[in-house]
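The values are calculated or read from the model by the stated rules, or taken from the named source; none is laboratory data. Keep in mind that what you see is a predicted model, and the values were worked out from it rather than measured. Here the Cβ is made from the backbone with ideal geometry for all residues, glycine too, and neighbour counts use every protein chain on show.
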Amino acid sequence: MERAAGFTLIEMLVVITIIGLAMLAAPRLGGVWVESHSERAAVRELGEALARARYWAVAAQTPVRIVFDIRNRVWSTQPSGSQGQLPNADIHVLGIDNAAPGQPTTTAIEFYPDGGSSGGTIIIDVPSTQQSETRIAADWLSGRIEVSD
């Protein structure tokens, strides 16, 4: 007697059980991925904002500043006023001399009409990622933005 093509009821139940167990584990595993993804998106947005500020300074032939408020975890562009959230991680700002007077948690990177910048490096420590440290650097001479993560 030949067996008909297809799956047995037992095989189907085993597959459904495995899928059910995977669906139970997905929210726990996905939570870390979502958190990491949102932090990466914030880093990417900050890098793009720095590049846009440099472009705007050259195009409008006027200095453009990106001000970082570490305490409130926000950044803003002056004079255009665009703003965003800093990643929810430890942030260290190196080599930036444009600190606002009397506000040690506020600092800025300025882009000049010739394409250069005041320079500086922002180190963002995102613990939920495999590589815990991301660097966003603005070259003082060329104003080039480099994001290494």
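It is to be established whether one or more residues within segment 67-74 are modelled with pLDDT under 90, surrounded by 17 or more Cβ atoms within 10 Å (Cβ to Cβ) and either closer than 18 Å to S142 by Cα or of a type in the set (S, T, N, Q) (or both). No, segment 67-74 has no match at all.
Tell me yes or no: at least one residue of segment 40-60 is in a loop (DSSP other than H, G, I, E, B), at pLDDT 85 or above, under 19 Å from Y112 (Cβ atoms) and more than 17 Å from the chain's Cα centre (by Cα).
Residues of segment 40-60 that are in a loop (DSSP other than H, G, I, E, B), as a first pass: none.
No, segment 40-60 contains no residue that is in a loop (DSSP other than H, G, I, E, B), at pLDDT 85 or above, under 19 Å from Y112 (Cβ atoms) and more than 17 Å from the chain's Cα centre (by Cα).
Residue check: is V93 modelled with pLDDT under 85 and either crowded, with 16+ Cβ neighbours inside 10 Å or of a type in the set (A, V, I, L, M, F, W, C) (or both)? Walk me through it before giving the result.
On the way: modelled with pLDDT under 85: yes; either crowded, with 16+ Cβ neighbours inside 10 Å or of a type in the set (A, V, I, L, M, F, W, C) (or both): yes.
Against the criterion (modelled with pLDDT under 85 and either crowded, with 16+ Cβ neighbours inside 10 Å or of a type in the set (A, V, I, L, M, F, W, C) (or both)), V93 qualifies.
Considering T106, T77, T129, T134, which residue is farther than 15 Å from E48 by Cβ, of a type outside the set (F, W, Y) and modelled with pLDDT of 80 or more?
When all the criteria are applied, what remains is T106.
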